[in-house]
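Data block below; observations after.
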């Protein structure tokens, strides 16, 4: 008889307790994806540049209207807590106690240098199921930003790809016009 091994899936609470117990460390580059602890890809220079530059542009553009979170946790469900590259959050006073959740996110940005397939195939459906209203995937190699809006049934109904020379505006702040060149 062939016996299949059973996978042990973790909750977000168990994941955090692993950190408190010293099983996971602050410098471990991991995130919780559908109950599995997944190692994140190393951050290369192009990825670093895109995240840092975009953060600078976004912080200046939104001012006090939103918070900009960089590579921090975002609780999507009891079994998923990814660490998107950039999240535009509703201002709240209680993040210290509870951390940001899906309903707090106005915009999630994933920068894809070597992770485009994972960001599109795994993370994007998670964000859609969690009701994240807008996701941008910065495709470094393709020199474009993919814009996903209107989540429903585990996917995004509106998809647009904007290349160099184009401009983008987050739905939450339509008055902001961000140059794709400044993001890349």
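The values are calculated or read from the model by the stated rules, or taken from the named source; none is laboratory data. Everything numeric in this text was worked out from a predicted model, so none of it was measured. Ideal geometry is used to build each Cβ from the backbone, glycine not excepted, and the neighbour counts take in all protein chains shown.
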Restricting to the stretch 105-117, and then to whatever is at pLDDT 95 or above and closer than 17 Å to residue 32 by Cβ, can you tell me which residue is surrounded by the fewest Cβ atoms within 10 Å (Cβ to Cβ)? 110
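Yes/no matrix, rows are residues, columns are (1) under 24 Å from residue 101 (Cβ atoms); (2) within 16 Å of the chain's Cα centre (by Cα); (3) in contact (Cβ under 8 Å) with a residue 60 or more places away in the chain:
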residue	(1), (2), (3)
11	yes, no, yes
33	yes, yes, yes
51	yes, yes, yes
59	yes, no, no
Go through (1) under 19 Å from residue 75 (Cα atoms); (2) crowded, with 21+ Cβ neighbours inside 10 Å one by one and return the number of the condition residue 148 breaks. (1)
Please count how many residues of the stretch 113-150 are touching a helix residue (DSSP H, G or I) at 6+ places or on another chain (Cβ under 7 Å) and within 22 Å of residue 67 (Cα to Cα). 8
Could you tell me which of the residues 46, 96, 92 is surrounded by fewer than 17 Cβ atoms within 10 Å (Cβ to Cβ), modelled with pLDDT under 95 and out of contact with any strand residue (DSSP E or B) (no Cβ under 9 Å at 6 or more places or on another chain)? 96
